[in-house]
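Visitor: So that we are looking at the same thing, I have put the structure below in structure tokens.
The values are calculated or read from the model by the stated rules, or taken from the named source; none is laboratory data. Quantities reported herein were computed from a predicted structural model and do not represent experimental measurements. Here the Cβ positions follow ideal geometry from the backbone for every residue, glycine too, while neighbour counts run over all protein chains shown.
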Amino acid sequence: MIDLYEAKRDKCGVRADLIPGDVLLEVAKVFAHGALKYGDENWKRSRLVRENSPANHALKHIFSYQAGIPDDEGDDPKIHLSHAIVNLMFELYYELHAEDYGLPCPPPIG
């Protein structure tokens, strides 16, 4: 019989198992909706800045959630949280891949 607790491994330092699956499914729904509306990975085509930046859109969604405002399609205000997370993921992606976009991180304001 194999003892599942006997095996040893180096610590990987990443705990993806702690990310709540139901939250990731909500985030995946936003990615799917965006892909249908704008095309797969459209957000990677250029780094949006200023009022079009993902950070600005994330804040808009957070403020709308806090105010209890439904989204543009009349959905439950909680949908704003998953949209905010997705926009922050975009912003983090831009940070991690800044050299690909030729802009300083964060991009200048004004």
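Visitor: Can you confirm whether Tyr93 is of a type in the set (Phe, Trp, Tyr), at pLDDT 90 or above and farther than 16 Å from His33 by Cα?
Guide: On the way: of a type in the set (Phe, Trp, Tyr): yes; at pLDDT 90 or above: yes; farther than 16 Å from His33 by Cα: yes.
For Tyr93, the condition - of a type in the set (Phe, Trp, Tyr), at pLDDT 90 or above and farther than 16 Å from His33 by Cα - is met.
Visitor: Residues Ser64, Ser82: which one is free of Cβ contacts under 8 Å to residues at least 24 places away in the same chain, closer than 21 Å to Val23 by Cβ and not charged (D, E, K, R)?
Guide: Every option except Ser64 fails the conditions.
Visitor: Exactly one of these conditions fails for Ser64: (1) in a helix (DSSP H, G or I); (2) modelled with pLDDT of 90 or more; (3) of a type outside the set (Phe, Trp, Tyr); (4) under 15 Å from the mean Cα position of the chain (by Cα). Give me its number.
Guide: (4)
Visitor: Could you please find all residues in the stretch 30-58 being exposed (fewer than 14 other Cβ atoms within 10 Å of the Cβ) and part of a helix (DSSP H, G or I)? Talk me through it step by step, then tell me what you get.
Guide: As a first pass, look at the stretch 30-58 and keep what is exposed (fewer than 14 other Cβ atoms within 10 Å of the Cβ): 32, 35-42, 44-46, 50-52.
Ala32, Ala35, Leu36, Lys37, Tyr38, Asn42, Lys44, Arg50, Glu51, Asn52, listed by residue number.
Visitor: Need the failing condition index for Leu59 against (1) of a type in the set (A, V, I, L, M, F, W, C); (2) at pLDDT below 95; (3) within 14 Å of the chain's Cα centre (by Cα), just the number.
Guide: (2)
Per-residue answers, yes or no, for (1) assigned to a loop (DSSP other than H, G, I, E, B); (2) not acidic (Asp, Glu):
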position	(1), (2)
Asp10	yes, no
Glu26	no, no
Lys60	no, yes
Asp72	yes, no
Asp76	yes, no
Leu81	no, yes
Leu92	no, yes
Glu95	no, no
Asp100	no, no
